[in-house]
Amino acid sequence: MGNVLEVRSLSKSFGGIRAVRDVSFDLKRGEFLALIGPNGAGKTTCFNMLNGYLRPDTGSVKLLGRELVGIPPRKVWRMGVGRTFQITETFRSMTVLENVQMALISHNRRIFDLFSKATALYRDEALKLLELIGMAAQADRPCAELAYGDLKQLELAIALAHDPDLLLMDEPTAGMAPNERIALMQLTADIVARGHVSVIFTEHDMDVVFAHSHRILVLNRGELIAEGTGDEIRANALVQEVYLGGGSLFHEKETAHA
Amino acid sequence: MGFYLAQLLTGLANASSLFLIACGLSIIFGVTRIVNFAHGSFYMLGAYLSYTLVTHLSALGALGFWGGVLVSALLVGVIGLLVEVLILRRIYRAPELFQLVATFGILLIIEDAALAIWGAQDLLGPRAPGLSKAVRILGEPIPQYDLALIVIGPVVLGLIWLIFHRTRWGVLVRAATQDREMVGALGVNQALLFSSAFFLGSVMAGLGGALQIPREAVNLNMDLSVIGDAFVVVVIGGMGSVTGAFIAAVLISVLNAFAVLVFPQISLVLPFIVMALVLVVRPYGLLGKPGSEKGAPADPEAPLRPLNPAGRLAMGAVVVILALVPLVSADFTMILLVDVLIAVLFAASLHFIMGTGGMISFGHAAYFGVGAYAAALVVKWLGLSMVPAMIVAPVASGLAALVFGWFCVRLSGVYLGMLTLAAAQIVWGVTFQWQDVTGGDDGIIGVWPAKWASSETAYFYLALVLCAGGVWLLRRAAHAPFGYMLRGIRDSEIRAEAIGVDTRFHQWMAFTFAGTLAGLAGVVSAFAKGSVFPDVLNISSSIDALIMVLLGGIHTLLGPLLGASVFVLIESWVTRLEYWRFIFGLIILGVVLIAPDGLAGALSRLLAFLKARIRPGTDTKKEALHGQRS
Amino acid sequence: MLEVRELNSQYGGAKILHGVTMTLGANEVVALLGRNGAGKSTTMKSIMGMVRQKSGSVLYEGAEMLGRPSHVICRAGVGYVPEERRIFKELTVEENLSVGKREKRADAPEWTLDHLYTLFPNLKERRRNLGKHLSGGEQQMLTIARTLMGNPKVVLLDEPSEGIAPVIVEQMAHVIAELKREGLSVLISEQNLHFARLVSDRAYIIEKGQMRYEGTFAELDAQPEVSAKYLAV
């Protein structure tokens, strides 16, 4: 299968500091790709260049052959890129269902409709999406009442509303309990397994990264320092040194138990 | 050459007094996040107090003058402290608009108090002993007092900078400007810090006013006339930045000193034009920081629910009752009811951008006024009759909103509010000064309705149809995708952008839509009164609209309807009294302190309470959380 | 040191804590475990006087703290490190630290700048930089150092390991060990059971605003169903 995304020599500097240097990679359809690295390695900068929030100094990002650089985020979304946020961004004064409906209303280009009742539009489609992520029972709850984990899940439903080719998830499990993390990423993996959507995610929880990703990219000081499967990355000495740590944490734990 | 230098020096002297007022405002905003209209009152009180003190101490010469000035500034500080401790301290957690309206209430009270103490006539203060003459520089006479002021401004700036960077108190104030709660958790007594910052800010305002007495006559309009310029300076400099305020004060005053040479009428609008330009380039002002525009975080609103059958019935009943009024009542009741209808549409249109859209507008009167003036102008100059005028006017205000809205939606929070204020002031200034076309202060008279609508009854029905229709349109839009997405942008701009919405464009259209309907209210008002005057455009009428929305409750669509009705009824009663501002100010403070969620909120709490009384066991909290009826 | 009894807290209409009871002994490190939204942060904020609607009792060295403003609680000797790295971004590192500075306490270790700089060497290098120019890990360290400037006897650490790279998490573990060595009592809230086990003496588990478990990690390990149910590991 062909590449959904082709990233070529992406670079970005902030006031003389090179946050991202010459990053290139490809993403196949149906691939689940993790982007990891220490804080400040340039993951978020990289991400924001993929979804249009930042304009790279140099380089190109092609989605199914179409250039994304220089296109504002809202248009990147229309071209088929969905995203979830590290800190959830939802419409807190609306219900769960309404949140998904808004994405559908926008997708169908009806946001300037002055007369229809918004809550009556695309109800069934929105409910189907909520069923897909297992939140149909909470459809009518106000968003502001939801637990954090549920909000993260809702974001996934919103991001899938326009049937994207590419889904970008920035630290999708940050702030969730361990089993919620597993459930959310399992859900995402199931959706990826259907073969249509490709996912790139950043993550600090290595269990999540190693459990689900097909391939892992490691960034350090703005540069891609490693790329490979979970086993390859775990065995990579450079990655261990800059990011995974010498394992002293786990070592101490063992001595503490002994 | 000498002439230009003289202009420059006059500009710099003005800059110093403007800076004194503005830096106090900026300090207070930075720490307490309160947009303090009463700051203008502190300035005015400083002038009045120093007039009294300096006159009494004139025997002491220079010591009497400077001593009087300093003591007045300190007295104003104490008054500010009292205001903070007695009133503002209770509303730090309230939404920022409540605080703003509360400070406006304080302004009204102080204005009437000053009227009672010092009377309505202008008071000309004594000159500063030893500085009463002019020196010649390059042949031009420069008042010595101006030169003293030019020195005082930078000296005060230096002192404040030292306080903020070299004292622990200053570091704490700067920390509190960024995260008040955290400063408290680190052991700092917030209440004390706020009060002391408020004291310092008030002293600066008092000092600014006190130093002004040799330059201008003390009068009761000083409060509102200075507050507009002070806001502009604070906003251009960046809210919370004292150095920024200084730069902005110099920029405005010097530009003004030269601009009046070319175009004498410009002084009323120039600061606002400069502010609009600066904000478009730097949305947080010259030295402001992103995030500094935000007030206290608000609790999320409950989801919008359509009106239940009982509610629909009630709304229908209100319209039917209104339609039957002419059968039983006298003309003056109908005139009052027309006022109510106009106010309801005006407030509902403001609520659309402010409540639904989350965009604060301190200048909504601009669009109401443009509607009224557009109608009056086409009647006067083109000889059009009422119906075409009623079509032209909303289009004109829609266009005005389109133009100003383009600038405004680029900003958020208080900055946005200030820019809307600037827009309104520009329209007001142009109307006021362009005498040949608008009649200036004399307004335009003879704007009468068509013959068929000229009886009180006929015009009442016309107003009912137009205003109820406008309100219906606004409500419909609020429940439609347009209004929902507007609310979505308010909740999370990032999320809206991430689902393909051009958020600025959407807000721009909403601004224009609301402006058009405000214009409709304006034209109905123009033909009801038969005349238009510039005061429909001034700060007070913008604030009236804000009060109506807040009085009713900003979190429900019914709020503005309720608030506007009650407001007009109270106003028509209170303004007959002598010290009506005082009473009105008290009413405002009462509402803010007792019913911070507005009448609609208070009403729903009362209903929930009664329900719980009748059916014990029902959870009132749950009822209240159930959702806003709209 | 700290004794929380029947603590109830709510925000607006939403009740978050239902009768939370717990203790923190002298020179003890206790972990408060639970999922996101379980009530860990609210417990800490309630102890610290940062939640307005609450009832019950928070005794610190036998004195009632409930209903007192947070600055009084801080001055009594309770330090609070918030979860969102709430440093003062427009202040320098040194100014940030000076905001936290309080008088020396006879019965608690005194943290001088020098001592803190040896514990957090990065901060020394960057002492003239503005807070906003620090990396996420450095900001996390600064929040802790700033609280220590108040010479507290008890430290509340809200989610110290959340959202930071594994290497920094290791450093965090060393810092907590150092606090214990200095004689402080520490309450940390955590979702990460491994990290909590590594640094603390015993644990509480909170779920939906109620205490579900109290005991040592050895006891917790003996009941895997407990952690499975409430922590879902």
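Spin-label point model (7 Å from Cα, Cβ direction): what's the A:Arg55 to C:Glu182 distance in nm?
A separation of 4.8 nm, rounded to one decimal place.
If you project the alpha carbons of the stretch C:1-111 onto their three principal axes, what span does each projection cover, largest first, in Å?
40, 33, 25
Could you size up the charge dipole of the stretch B:332-575 around its Cα centre, putting +1 on the beta carbon of Lys and Arg and -1 on that of Asp and Glu, and report it in debye to the nearest 20?
Numbers: 10 positive and 12 negative charges, 110 e Å.
In debye, rounded to 20, the stretch B:332-575 gives about 520.
If you bin the C-alpha pair distances of the stretch A:1-125 every 10 Å from 0, what whole percents do you get?
Spelled out per bin, shortest first, that is 11, 34, 30, 19, 6, 0.
With no solvent and one equal point scatterer placed on each C-alpha of the stretch B:385-498, evaluate the Debye formula and give log10 I(q)/I(0) for q = 0.11, 0.14, 0.17, 0.19 Å⁻¹, two decimals.
Debye intensities relative to I(0), on a log10 scale: -0.60, -0.91, -1.14, -1.22.
Pairs of lysine in chain B with Cα under 30 Å and at least 8 positions apart or on different chains: total?
On the way: B:Lys294/B:Lys621; B:Lys380/B:Lys451; B:Lys380/B:Lys529; B:Lys451/B:Lys529; B:Lys611/B:Lys621; B:Lys611/B:Lys622.
Within chain B, the lysine pair count is 6.
Three principal axis extents, largest first, for the C-alpha atoms of chain C, in Å?
48, 37, 34
Evaluate the stretch A:127-176: find the radius of gyration of its Cα atoms, find its Kirkwood radius, and give the ratio Rg to Rh. Intermediate results must be reported in sequence, preceding the final value.
Details: Rg = 11.1 Å, Rh = 11.6 Å.
With Rh from the inverse mean 1/r over Cα pairs, Rg/Rh is 0.96.
Rounded to two decimals, what is Rg over Rh for the protein assembly as shown when you use alpha-carbon atoms and the Kirkwood radius?
Details: Rg = 31.6 Å, Rh = 32.1 Å.
We get a ratio of 0.98 for the protein assembly as shown.
Where does helix B:503-529 land angle-wise versus the long Cα axis of chain B, in degrees 0 to 90, nearest 10?
Here the helix axis deviates by roughly 80 degrees.
Leaving ligands and nucleic acids out of the surface, order B:Thr243, A:Thr88 by accessible area at 1.4 Å, largest first.
Details: B:Thr243 55, A:Thr88 25 Å².
The residues order as B:Thr243, A:Thr88, largest area first.
Among B:112-123, B:336-347, B:597-608, how do they line up from the highest to the lowest mean number of other beta-carbon atoms within 10 Å?
Values: B:112-123: 13.8, B:336-347: 25.1, B:597-608: 18.8.
Listed from highest to lowest mean packing, they are B:336-347, B:597-608, B:112-123.
Helix A:96-107 against the longest principal axis of chain A: what's the angle in degrees, Cα atoms only, rounded to the nearest 10?
Taking the Cα atoms of chain A, the angle to A:96-107 is about 90 degrees.
At a Förster distance of 45 Å, what's the computed FRET efficiency of C:Asn27 paired with B:Trp169, Cβ-Cβ distance as r, to 0.05?
Values: r = 35 Å, r/R0 = 0.78.
Efficiency at R0 = 45 Å is approximately 0.80.
With equal scatterers on the alpha carbons only and no solvent term, can you work out the Debye log10 of I(q)/I(0) for the stretch B:332-575 at 0.16 1/Å?
-1.09
Taking a spot 7 Å from the Cα of B:Ser385 along the direction of its beta carbon, which residues of the stretch B:516-560 have an amide N less than 20 Å from it?
B:523-531
Under 19 Å from the 7 Å Cα→Cβ point of A:Arg194, by amide nitrogen: which residues of the stretch A:57-93?
A:78-84
With a 1.4 Å probe, how much accessible area is buried between chains C and A, both sides summed, in Å² to the nearest hundred? Mind showing how you got there, number by number?
Details: alone 10560 and 12870 Å², together 21620 Å².
Approximately 1800 Å², summed over both chains.
Ranked highest first by the average count of other Cβ atoms within 10 Å around their residues, in what order do B:145-156, B:394-405, B:44-55 fall? All intermediate terms of the calculation are to be shown ahead of the outcome.
Details: B:145-156: 17.9, B:394-405: 22.5, B:44-55: 25.5.
So the peptides B:145-156, B:394-405, B:44-55, ranked by packing, come out B:44-55, B:394-405, B:145-156.
What are the equivalent ellipsoid semi-axes of the stretch B:2-281, built from the alpha-carbon gyration tensor (square roots of five times its eigenvalues), in whole angstrom, biggest first?
Values: eigenvalues 177, 99, 68 Å².
Taking √(5λ) for each Cα gyration eigenvalue gives 30, 22, 19 Å.
With the Cα gyration tensor of chain B in hand, give its eigenvalues times 5 under a square root as the equivalent ellipsoid semi-axes, listed largest first in whole angstrom. Numbers along the way, then the final one.
Details: eigenvalues 347, 177, 110 Å².
So the three semi-axes of chain B are 42, 30, 23 Å.
Beyond 18 Å, what share of the Cα-Cα pairs of the stretch B:309-376 remains, rounded to the nearest whole percent? Mind dumping the intermediate values first?
Working: 1305 of 2278 pairs.
Looking at the stretch B:309-376, the distances longer than 18 Å represent 57 percent of pairs.
So with the 1.4 Å probe, I'd like the accessible area per residue for chain B, rounded to whole Å².
Details: 24400 Å² over 630 residues.
About 39 Å² of surface per residue is accessible.
With respect to the cross-link table entries C:Lys15/C:Lys54; A:Lys12/C:Lys89; C:Lys54/C:Lys208; C:Lys15/C:Lys45; A:Lys12/A:Lys43; A:Lys128/C:Lys229, which display a Cα-Cα separation exceeding 18 Å?
Details: C:Lys15/C:Lys54 9 Å; A:Lys12/C:Lys89 23 Å; C:Lys54/C:Lys208 16 Å; C:Lys15/C:Lys45 14 Å; A:Lys12/A:Lys43 12 Å; A:Lys128/C:Lys229 30 Å.
Pairs exceeding the cut-off: A:Lys12/C:Lys89; A:Lys128/C:Lys229.
How large are Rg and Dmax for the stretch C:153-233 when only the alpha carbon atoms are used, in Å?
13.0, 35
Measure nothing fancy, just the Cα-based angle from helix B:481-491's long axis to the longest principal axis of chain B, in degrees from 0 to 90, nearest 10.
Relative to chain B, helix B:481-491 is tipped by roughly 40 degrees.
Does chain A classify as rounded, prolate or oblate by the C-alpha gyration tensor (a ≥ b ≥ c root eigenvalues; a/c under 1.5 gives rounded; else a/b over b/c gives prolate, otherwise oblate)? Don't skip to the end; give the middle numbers.
Numbers: a/c = 2.05, a/b = 1.36, b/c = 1.51.
Oblate.
Under a Cβ-only charge scheme (Lys and Arg +1, Asp and Glu -1), can you give me the dipole magnitude of the stretch C:2-230 about the Cα centre, in debye to the nearest 20?
Value, rounded to 20: 720 debye.
State the answer as a single residue: which of B:Ile587, B:Gly522, B:His555 lies farthest towards the positive end of the charge dipole of the stretch B:486-600, with beta carbon charges of +1 for Lys and Arg and -1 for Asp and Glu, about the Cα centre.
Most positive-ward Cα: B:Gly522.
What is the dipole size for the protein assembly as shown, taken about its Cα centre, with +1 at each Lys and Arg Cβ and -1 at each Asp and Glu Cβ, in debye to the nearest 20? Please list the in-between numbers first.
On the way: 94 positive and 93 negative charges, 170 e Å.
In total the dipole reaches around 820 debye.
Over the whole of B:173-183, what's the average partner chain Cβ count within 10 Å per residue? Rounded to a whole number, please.
Values: counts 0, 5, 10, 2, 3, 8, 7, 0, 6, 12, 6.
Taking the mean over all residues of the peptide, I get 5.
Roughly speaking, what % of Cα-Cα pairs in the stretch B:346-389 are separated by over 14 Å, rounded to a whole number? Write down the numbers at each step before the final one.
Numbers: 526 of 946 pairs.
Value for the stretch B:346-389: 56 percent of Cα pairs lie more than 14 Å apart.
Pulled fully out, how much extra length does the chain show between B:Glu578 and B:Gln144, if you take 0.36 nm times their separation in residues and subtract their Cα-Cα distance? Don't skip to the answer; put the middle values down first.
Details: separation 434, 0.36 × 434 = 156.24 nm, distance 4.20 nm.
My answer for the length gained is 152.0 nm.
What is the Cα centroid distance between the stretch B:590-613 and the stretch C:175-233, reported in whole angstrom?
Cα centroid of the stretch B:590-613 versus Cα centroid of the stretch C:175-233: 44 Å apart.
Kindly report, to the nearest 10 Å², the accessible surface of C:Thr216 as traced by a 1.4 Å probe over protein heavy atoms only.
For C:Thr216, the solvent-accessible surface is approximately 50 Å².
Take peptide A:49-56, look around each residue's Cβ out to 10 angstrom, count Cβ atoms belonging to other protein chains, and average those counts.
Numbers: counts 0, 0, 2, 2, 3, 0, 0, 0.
Mean shielding count: 1.
Size of the stretch B:463-526 along its principal axes in angstrom, Cα-based, largest extent first?
Rounded to whole Å, the extents work out to 43, 19, 14 Å.
Percentage of Cα-Cα pair distances in the stretch B:19-146 greater than 18 Å, rounded to whole percent?
Numbers: 5007 of 8128 pairs.
Of the Cα pairs, 62 percent sit more than 18 Å apart.
Helix-only estimate, please: 222 nm mean residue ellipticity of chain B, summing -39500 (n - 2.57) across DSSP H runs of length 4 or more and dividing by its residues, to the nearest 500.
Numbers: 26 runs with 450 residues, N = 630.
Value at 222 nm, helices only, nearest 500: -24000 deg cm²/dmol.
Testing the spin-label approximation: label points 7 Å from Cα along Cα→Cβ at B:Trp448 and A:Leu238. State their distance in nm.
With each label point 7 Å from Cα toward Cβ, the separation is 8.9 nm.
For A:Lys28, C:Lys153, give the ranking by accessible area with the largest first, probe 1.4 Å. Can you show the working numbers first?
Details: A:Lys28 105, C:Lys153 20 Å².
In descending accessible area the options line up as A:Lys28, C:Lys153.
In whole percent, what relative contact order does chain A give with Cα contacts below 8 Å and a gap of six or more residues?
Working: 456 pairs, mean separation 66.2, N = 258.
Once divided by the residue count of chain A, the mean separation gives 26 percent.
The values are calculated or read from the model by the stated rules, or taken from the named source; none is laboratory data. All values derive from a computational prediction rather than experimental measurement. Glycine also receives a Cβ, built like all others from the backbone with ideal geometry; neighbour counts cover every protein chain displayed. Heavy atoms of the whole protein, side chains included, go into the accessibility calculation; ligands, DNA and RNA do not. Shrake-Rupley method; radii C 1.70, N 1.55, O 1.52, S 1.80 Å.
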